[in-house]
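Peer 1: Have a look at this one before I ask anything.
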Amino acid sequence: MSANDFLVVGERPSDSPFIERVWRAHSERAGTMVSVASSHCEMVVTRREGSTTLTLRGPETRATTAECSADTEWIGIRFRLGTFMPEFPAGRLMDRNDVNLHRATRRSFWFGGSAWECPDFENAEAFVTRLVTADLLRRDAAVEAVVHGEAHALSRRSTQRHFLHATGMTHVMFRKVERARYAARLLREGASIVDVVLAAGYYDQAHLTRTLRWLIGVTPARIGRQQQQLSLLYKTELLR
């Protein structure tokens with residue numbers, strides 16, 4: 001955590017086929033965060049001043065800023081690529097078109113015609129399993145096959161249709177987002193700009209800078225100096 005960060009964040013991987021990461025955070029003070037581009041959908045529980053909100057979030061194809069209040073807690077479930085909610089397609093939620101579900105009680109919300117208790121950091125897997133059983137959450141296995149170059153049984157058009165339906169974005173856009181996130185993570189870990197250009201496959205430094213300004217929201221140099229609070233940059237194996 002750098003001196004410029006105002007969020008204390010923790011996260012853990014998951015063995016669920018529907019969940020990539022479970023994370024939690026709390027704000028030590030109010031501040032502005034850059035929400036970087038992301039390929040995945042999320043459920044986020046926000047708790048502040050005794051009020052609880054459950055928000056459905058979609059992929060982001062550009063960086064945006066978000067104002068964060070002081071003394072606020074968040075718990076997030078980041079779904080694996082290809083996991084989607086039939087009632088709230090990824091394309092509908094994309095680019096900060098978030099949906100806050102209606103509350104049933106102080107600790108529960110309405111989803112699919114039933115009241116559901118808000119998940120916590122420890123029980124995310126059990127919560128998601130119940131959503132899958134109720135058919136409120138699905139996973140398109142063809143999407144993961146596309147990412148790993150294994151979608152040989154489907155035509156190219158069918159593959160593109162599966163990917164767009166489940167993720168809200170094209171495979172080309174997905175690759176751009178993941179490459180930018182990978183580059184930003186390398187920079188935050190101390191890699192030089194020249195090394196990141198080579199490692200992430202950019203044409204040159206100018207190409208890297210233009211892309212990160214759009215998808216991450218700040219320049220490579222500022223990322224390296226950790227001058228701005230960024231949303232989570234998960235480790236990925238997709239571009240290695």
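Every read-out reported here was derived from the displayed coordinates using simple, explicitly stated rules and does not represent laboratory data. In this text the structure is predicted, and so the values were computed from the model without any measurement. When we count neighbours, we look across all protein chains shown, and the Cβ atoms used for this are built from the backbone with ideal geometry, even at glycine.
Peer 1: Relative contact order for the chain using alpha-carbon pairs under 8 Å, separation at least 6, rounded to a whole percent? List each step's numbers first, then the result.
Peer 2: Numbers: 462 pairs, mean separation 52.3, N = 240.
RCO, the chain: 22 percent.
Peer 1: Which stretch or stretches of the stretch 39-61 have amide N atoms under 14 Å from the point lying 7 Å from Arg107's Cα along the Cα→Cβ direction?
Peer 2: 51-52, by backbone N distance to the label point.
Peer 1: Based solely on C-alpha atoms, express the radius of gyration and the Dmax of the chain in angstrom.
Peer 2: Computed over the Cα atoms of the chain, radius of gyration and Dmax are 18.0, 53 Å.
Peer 1: Moving on to the next point. Taking Cα pairs under 8 Å and at least six residues apart, what relative contact order does the stretch 7-139 come out at, in percent? Numbers along the way, then the final one.
Peer 2: Details: 281 pairs, mean separation 34.4, N = 133.
Answer for the stretch 7-139 is 26 percent.
Peer 1: Per-residue HN-Hα couplings for the stretch 60-73, Karplus 6.51 cos²θ - 1.76 cosθ + 1.60 at θ = phi - 60°, whole Hz, x for Gly and Pro?
Peer 2: So the J values, rounded to whole Hz, are 10, 9, 7, 7, 9, 9, 9, 7, 10, 7, 6, 6, 10, 10.
Peer 1: Decide, for the stretch 53-101, between rounded, prolate and oblate: order the square roots of the alpha carbon gyration tensor eigenvalues as a ≥ b ≥ c, take rounded if a/c falls under 1.5, and otherwise choose prolate if a/b is larger than b/c, else oblate. Before the final figure, lay out each step's value.
Peer 2: Numbers: a/c = 1.91, a/b = 1.47, b/c = 1.30.
Here the stretch 53-101 falls in the prolate category.
Peer 1: Restricting to DSSP H runs of at least four residues, report the calculated mean residue ellipticity at 222 nm for the chain, -39500 (n - 2.57) per run over all residues, nearest 500 deg cm²/dmol. Could the numbers behind the result be given before it?
Peer 2: Details: 8 runs with 75 residues, N = 240.
About -9000 deg cm²/dmol.
Peer 1: Pop out the Kirkwood hydrodynamic radius of the stretch 7-139 from its pairwise C-alpha distances, inverse of mean 1/r, in Å to one decimal. Don't skip to the answer; put the middle values down first.
Peer 2: On the way: mean 1/r = 0.0661 Å⁻¹.
That comes to 15.1 Å for the stretch 7-139.
Peer 1: Can you compute the modelled spin-label distance between Gln226 and Asp120, with each label point 7 Å from Cα toward Cβ, in nm?
Peer 2: 3.0
Peer 1: A further question follows. Amide H neighbours of Arg62 under 5 Å, at least 5 residues apart or on other chains, H built in the peptide plane: list them.
Peer 2: So Arg62 has HN proximity to Ser38.
Peer 1: Determine the gain in length on full extension of the stretch Thr72-Ser158; use 0.36 nm per residue of separation and subtract their C-alpha separation, reporting nm with one decimal.
Peer 2: Working: separation 86, 0.36 × 86 = 30.96 nm, distance 4.32 nm.
Residue separation times 0.36 nm, minus the Cα-Cα distance, leaves 26.6 nm.
Peer 1: Towards the positive end of the charge dipole of the chain, with charges on Cβ (+1 Lys, Arg; -1 Asp, Glu), say which of Met169, Phe127, His40 has the farthest Cα.
Peer 2: Met169
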